[in-house]
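Since the structure comes first, as structure tokens, the remarks are kept for the end.
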Amino acid sequence: MSSLSVSAPAMHAEHLDAAELRRMVRHDQMVAVRHSVLAAIPINAVLTVAALLMAYSGGELAMGVVWAMLSALVNITRAIVCRLPYRGSEEVTPGQPAAPALSGRWWRTRSVEWHLRAAALLGLCSGGVWALVPLLCDGYTSPQTLFYLTVVCGITAGSVTYGIAYARVPILFITPALLSVAGCLLVAGGFERQMLALMVFVYLAALIRSGVQSEAAFKRGSLLKNEATAMAERLRQAHESSQAAARELEFRAMHDPLTRLFNRDGFTDTAGRRLQAAGEREQCLLMLDLDGFKAINDVFGHGVGDRVLQDVGAWLSRELERLDAVVGRWGGDEFVVLYDVPGSAQSPEQLARLLTQRIPQASVMEGGQLGVSVGLCVGRGLGVMDMLSFADEALYSAKRAGGDSFRFFDHGLQQALMVRRDVERDLGLGLEAGGIVLWYQPIFTAGGELHSFEALLRWLHPRHGWVSPEQIVHAAAATGLARRLLNHVLTQVCLAARQLDAAGMGHLPLAVNVSPREMAHLDVDELVLDTLQRHGVPPRRLQLEITEEVALNAESTQGKLARLAAAGVAISIDDFGVGYSSLASLRGDHVRQVKIDRSFISGLDASRDNRLLVGTILQMGRSLGIDVVAEGVERVEELMALRALQCPLMQGYHLCRPAPLDEIVHTR
């Protein structure tokens, strides 16, 4: 959006269009000429009647009637011309585009200049009529001479007085009349008449000079007026432009540019005011997340993804208008809605069900499957931030349940939210105090020998007891402590490697789980290699366990994995078999190990299909030279089934539960 700034130099007259200013001045002259002529015609008519009466008194009635009729004809013509329309493009307002010319009759195409010239020509004609006055008084020799001289001199003086805008009109009017007076006086002869004729010439010159000066003064005044008008118009335009820019900036500050819905700030502000005004009236806040949107973006491109977001935003605005709802785009593919429950005939559950059923059809596209998950918070007297947090918790629960559904924020979610908030709040203190520790679960060979250890996060929270590793990792990501947590884990693993060295188990590697978010947003390769070097631990002693999602994300992780593998760090794929492209995750040279997901091990002895699948993975591992670990061995029957399938490595509670490294080392 362009900005408009106005400064005094930019508004100076020299920067105004000279031709435009000239047109405006000429227009003012024409308007003034029209007013002066129309004002002078009645006076001209009165004096014509007086001259006619004087002619009648002097015995020149016939000549007087002819002269009066000629004068009336000229005056009528002047009045008609003064009332004729003129070309619209000449009526210029400073800073505005010219209007198109009128069409139709011939005069509608006449310009201001034409009207000025016509006024001057008709002024000459009128002056010519008054130049014929000598016919009424025997060349200014009759007894009525003084009257006629007074009338002619008076009307010429009045013409100059009225015609200050355009000197050509009064000059052309007075010149024939006064020259006629002077000529007749000179012809009549005699010293007195000659001196009077000389005075008439002086009088004519004075009137001409006065007319020229008056026109110059009028033009200066008109120029200043139009310059001021032009500057005022430009200032008005600048003011309007700045106001429009301010409104646009305000709109952009409060609205999402893609969907034109409220953005985070706009929704929070508007919903906050709505909730404050609602008092104890029940309100419902819904948070929506589009299921499958990432796949649409990846497969069809961001252009299609943006169009889907626009379609969904337009659908929400249109369908929820009857609810007088506040609708916003929270970010990414998330939308938020707030509406007054008592003021609507639709219950929150009905609305949530409508959204899950109708939004997938809100955008027309070929291919791709779109769904929506909805989290709802219904309450009275709650603040907007609390309602957003509660609805977000409900949305997260709906997505964990598989998506394409809705979930209300209830007591169970409130307890989970309380735990999550406390974990996020206390995570930094837990890292500083050493409360976040690593326990280790061994991986055994088929013969029962130790093969390696997997490091697992543990935290005994002072209020909520044992916190799961998933909660710790999520809290670290939410609070910006992910790098610090990973550095803490790597340091503890290096210390554990030294402890194993001291116990004569220096040949056993240790595995560390790295989440997809950590792999995507942290320089994991540099952190790992720097920590190993700082503690003097060989890279071959470390394994990184990643998910298939990470292994397939070539854009952001392959370079990091390749660098780690080249340094000697073993890469292991955790939960193998549950991803949508398990075989593809084995491409490349850096994968050294896969861990069969526990869902295939559970009940392995009683499931022919699971045994077939596990056997296939084992055969594939042997063919590719990749170690295969069966995790989640909980029963002796599962252990026996794995041994029958010749599974080389196993892990599970039946073999050994996770425990501090000291306990495991001392029992071996």
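Here is a list: Arg281, Arg322, Arg307. Which entry is in contact with an Asp or Glu (Cβ under 8 Å, 6 or more places away or on another chain) and basic (Lys, Arg)?
Numbers: Arg322 fails: in contact with an Asp or Glu (Cβ under 8 Å, 6 or more places away or on another chain); Arg307 fails: in contact with an Asp or Glu (Cβ under 8 Å, 6 or more places away or on another chain).
Step by step, each of Arg281, Arg322, Arg307 is checked, and only Arg281 is in contact with an Asp or Glu (Cβ under 8 Å, 6 or more places away or on another chain) and basic (Lys, Arg).
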For segment 206-236, name all the residues that are open to solvent by less than 60 Å² (accessible area, probe 1.4 Å) and under 30 Å from Cys184 (Cα atoms).
Ala206, Leu207, Ile208, Ser210, Gly211, Ser214
In segment 503-534, how many residues are in a helix (DSSP H, G or I), modelled with pLDDT under 90 and either closer than 26 Å to Thr667 by Cβ or among the basic types (Lys, Arg) (or both)?
1
Among the residues of segment 190-201, is any surrounded by fewer than 23 Cβ atoms within 10 Å (Cβ to Cβ), at positive phi and either out of contact with any strand residue (DSSP E or B) (no Cβ under 7 Å at 6 or more places or on another chain) or free of Cβ contacts under 8 Å to residues at least 12 places away in the same chain (or both)?
yes
So which of Val326, Val312 ends up being among the aliphatic types (A, V, I, L, M) and closer than 20 Å to Phe409 by Cα?
Val326
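Which of the following residues is in contact with a helix residue (DSSP H, G or I) (Cβ under 8 Å, 6 or more places away or on another chain) and farther than 30 Å from Ala19 by Cβ: Ala246, Ala205, Ala182, Ala165? Let's see the steps before the verdict.
Details: Ala246 fails: in contact with a helix residue (DSSP H, G or I) (Cβ under 8 Å, 6 or more places away or on another chain); Ala205 fails: in contact with a helix residue (DSSP H, G or I) (Cβ under 8 Å, 6 or more places away or on another chain); Ala165 fails: farther than 30 Å from Ala19 by Cβ.
Answer to the selection: Ala182.
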Cβ-Cβ distance below 6 Å, separation of 6 or more or different chains: which pairs start in segment 393-408 with a residue that is more than 17 Å from Val419 (Cβ to Cβ) and open to solvent by 70 Å² or more (accessible area, probe 1.4 Å) and end on one that is among the small types (Gly, Ala, Ser) and not in a helix (DSSP H, G or I)?
Lys399/Ser373; Asp404/Gly371; Arg407/Gly375
Leu456 versus (1) crowded, with 19+ Cβ neighbours inside 10 Å; (2) part of a strand (DSSP E or B); (3) aliphatic (A, V, I, L, M): which is the lone unmet condition?
(1)
Within segment 585-619, take every residue that is farther than 20 Å from Met640 by Cβ, under 49 Å from the mean Cα position of the chain (by Cα) and open to solvent by 30 Å² or more (accessible area, probe 1.4 Å) and give me the one that is modelled with the highest pLDDT.
Asp589
Per the filter on segment 1-43, residues modelled with pLDDT under 90 and either assigned to a loop (DSSP other than H, G, I, E, B) or among the polar types (S, T, N, Q) (or both) are Met1, Ser2, Ser3, Leu4, Ser5, Val6, Ser7, Ala8, His12, Leu16, Asp17, Gln29
The number of residues in segment 483-538 that are open to solvent by 10 Å² or more (accessible area, probe 1.4 Å), of a type in the set (A, V, I, L, M) and closer than 15 Å to Leu561 by Cα is 4
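Scan Val308, Val299, Val312 and give me the residue that is surrounded by fewer than 19 Cβ atoms within 10 Å (Cβ to Cβ) and part of a helix (DSSP H, G or I).
Values: Val308 fails: surrounded by fewer than 19 Cβ atoms within 10 Å (Cβ to Cβ); Val312 fails: surrounded by fewer than 19 Cβ atoms within 10 Å (Cβ to Cβ).
Of the residues listed, the single one that is surrounded by fewer than 19 Cβ atoms within 10 Å (Cβ to Cβ) and part of a helix (DSSP H, G or I) is Val299.
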Among (1) open to solvent by less than 30 Å² (accessible area, probe 1.4 Å); (2) not in a helix (DSSP H, G or I) - the single one Pro342 does not satisfy
(1)
Output the residues belonging to segment 85-111 that are surrounded by 14 or more Cβ atoms within 10 Å (Cβ to Cβ), in a helix (DSSP H, G or I) and at pLDDT below 50.
Ser89, Glu90, Trp107
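For (1) aromatic (Phe, Trp, Tyr); (2) in contact with a Cys (Cβ under 6 Å, 6 or more places away or on another chain); (3) part of a helix (DSSP H, G or I); (4) at pLDDT 90 or above, each residue gets a yes or a no:
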{"residue": "Gln357", "(1), (2), (3), (4)": "no, no, yes, yes"}
{"residue": "Gly367", "(1), (2), (3), (4)": "no, no, no, no"}
{"residue": "Gly375", "(1), (2), (3), (4)": "no, no, no, yes"}
{"residue": "Ala391", "(1), (2), (3), (4)": "no, yes, yes, yes"}
{"residue": "Ala398", "(1), (2), (3), (4)": "no, no, yes, yes"}
{"residue": "Asp404", "(1), (2), (3), (4)": "no, no, no, no"}
{"residue": "Leu431", "(1), (2), (3), (4)": "no, no, yes, yes"}
{"residue": "Pro442", "(1), (2), (3), (4)": "no, yes, no, yes"}
Checking Ser373 against (1) over 30 Å from Gln499 (Cβ atoms); (2) open to solvent by less than 30 Å² (accessible area, probe 1.4 Å); (3) out of contact with any Leu (no Cβ under 7 Å at 6 or more places or on another chain), which single condition isn't satisfied?
(3)
Are any residues in segment 112-138 farther than 13 Å from Ala55 by Cα and not in a helix (DSSP H, G or I), and if so, which ones?
Ala131
Any chance Leu382 is more than 23 Å from Gly480 (Cα to Cα), surrounded by 21 or more Cβ atoms within 10 Å (Cβ to Cβ) and under 31 Å from the mean Cα position of the chain (by Cα)
no
Restricting the first residue to segment 281-303 and requiring it to be over 24 Å from Asp386 (Cβ atoms) and in contact (Cβ under 8 Å) with a residue 40 or more places away in the chain, which pairs with a second residue that is part of a strand (DSSP E or B) and aliphatic (A, V, I, L, M) meet a Cβ separation below 9 Å and a spacing of at least six or different chains?
Leu290/Val372; Asp291/Val372; Ile296/Leu290
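Determine, yes or no, whether Val629 is open to solvent by less than 70 Å² (accessible area, probe 1.4 Å), touching a residue at least 60 places away in the same chain (Cβ under 8 Å) and under 54 Å from the mean Cα position of the chain (by Cα).
Numbers: open to solvent by less than 70 Å² (accessible area, probe 1.4 Å): yes; touching a residue at least 60 places away in the same chain (Cβ under 8 Å): yes; under 54 Å from the mean Cα position of the chain (by Cα): yes.
For Val629, the condition - open to solvent by less than 70 Å² (accessible area, probe 1.4 Å), touching a residue at least 60 places away in the same chain (Cβ under 8 Å) and under 54 Å from the mean Cα position of the chain (by Cα) - is met.
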Any residue in segment 317-333 that is touching a residue at least 24 places away in the same chain (Cβ under 8 Å) and open to solvent by 70 Å² or more (accessible area, probe 1.4 Å)?
no
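I need the full set of residues from segment 421-444 which are surrounded by fewer than 13 Cβ atoms within 10 Å (Cβ to Cβ) and not aliphatic (A, V, I, L, M), in order please. First the steps, then the outcome.
Looking only at segment 421-444, we keep the residues that are surrounded by fewer than 13 Cβ atoms within 10 Å (Cβ to Cβ), and these are 425, 429, 432-434.
Scanning segment 421-444 gives Arg425, Glu432, Gly434.
The values are calculated or read from the model by the stated rules, or taken from the named source; none is laboratory data. Remember, predicted model here, so these are calculated numbers, not experimental data. Glycine gets a Cβ as well: all are built from the backbone with ideal geometry, and neighbour counts include every protein chain shown. Keep in mind that these areas ignore ligands, DNA and RNA; they rest on the heavy atoms of the full protein, side chains included. Shrake-Rupley method; radii C 1.70, N 1.55, O 1.52, S 1.80 Å.
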